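K.L.:
I'd like to ask some things about the structure below.
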Amino acid sequence: MTKKEFIELYAEKGGFTKKEAERAVALFLDTVEDTLLKGDSITFVGWGKWEVKERASREVRNPQTKERMTIPGKKAVKFKVGKLLADRVKEM
């Protein structure tokens, strides 16, 4: 589903205009981004948790040349699904 399709579905389910739905979705995504950029996590109990995790650097080997190289560490956004959502998806 694309962002545009999501906004249309959100507007339909919520009884909003597409303009209102687009504003609400944009505000939600901006708030999630701002929160993660501050280093805080976001938890919706039963639904899931977003957080920024530090990935350590690691050594890998190029399978073609067998050359060893180091991939530097980085920060990455992780999402961990909550139990209620996981159970509902499992029942699909």
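The values are calculated or read from the model by the stated rules, or taken from the named source; none is laboratory data. None of the values given here were measured: they were computed from a predicted structure. Note that we place each Cβ from the backbone using ideal geometry, even for glycine, and neighbour counts take in every protein chain shown.
K.L.:
Go through region 56-92 and give me each residue that's of a type in the set (D, E, K, R) and touching a residue at least 24 places away in the same chain (Cβ under 8 Å).
P.N.:
Of everything in region 56-92, those that are of a type in the set (D, E, K, R) and touching a residue at least 24 places away in the same chain (Cβ under 8 Å) turn out to be Lys78, Lys80, Lys83.
K.L.:
When you go through Lys66, Lys49, Lys80 one by one, which is the residue that is modelled with pLDDT under 95 and either among the basic types (Lys, Arg) or surrounded by 10 or more Cβ atoms within 10 Å (Cβ to Cβ) (or both)? Outline the logic, then answer.
P.N.:
Details: Lys49 fails: modelled with pLDDT under 95; Lys80 fails: modelled with pLDDT under 95.
On inspection, the qualifying residue turns out to be Lys66.
K.L.:
Tell me, which residue of region 1-43 that is under 25 Å from Lys53 (Cβ atoms) and of a type in the set (Gly, Ala, Ser) is surrounded by the fewest Cβ atoms within 10 Å (Cβ to Cβ)?
P.N.:
Gly39
K.L.:
Additional query: Restricting to region 26-72, give me the number of residues that are over 30 Å from Lys3 (Cβ atoms) and not in a loop (DSSP other than H, G, I, E, B). Explain how you work it out, then say what you get.
P.N.:
Filtering region 26-72 for residues over 30 Å from Lys3 (Cβ atoms) gives 56-72.
Subsequent filtering for residues that are not in a loop (DSSP other than H, G, I, E, B) retains 58-61, 68-71.
Within region 26-72, residues that are over 30 Å from Lys3 (Cβ atoms) and not in a loop (DSSP other than H, G, I, E, B) number 8.
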